[in-house]
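Chemist: Let me give you the structure first, and then I'll get to my questions.
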């Protein structure tokens, strides 16, 4: 049983669209260009190893971790998959 914009029997199309949207969001967050030597947020030095490992890095590990936690908390998707969680 499909819902939303899809016809009956089109569950896989909904799943594919959800996955493709998530991939597009993640790809948009991938840093590009030259890495910074100092964090954009706290001005701490970004270690050389991190700059080489993540080309285009703009945040130190601490600030990146905090940003990732905030992004995960604001996810618009129901990842639990239970009907009860959808009713909340």
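Chemist: Separation between the residue 45 and residue 30 pseudo-spin-labels, each 7 Å from Cα along Cα→Cβ, expressed in nm?
Modeler: Modelled inter-label distance: 3.0 nm.
Chemist: A follow-up question, please. Starting from the alpha-carbon convex hull of the range 30-73, give the projected area averaged over all orientations, in nm².
Modeler: So the Cα hull casts an average projection of 2.9 nm².
Chemist: Relative contact order (percent) for the range 30-73, with alpha-carbon contacts under 8 angstrom and 6 or more residues of separation?
Modeler: 40 percent
Chemist: Can you tell me how much longer the chain between residue 37 and residue 17 gets when fully stretched, taken as 0.36 nm per residue apart minus their C-alpha distance, in nm with one decimal?
Modeler: Value of the extension gain: 3.4 nm.
Rule-based calculations on the coordinates, nothing more; no lab input. All values derive from a computational prediction rather than experimental measurement. Cβ sites come from the backbone with ideal geometry, for glycine too, and all protein chains shown count toward neighbours.
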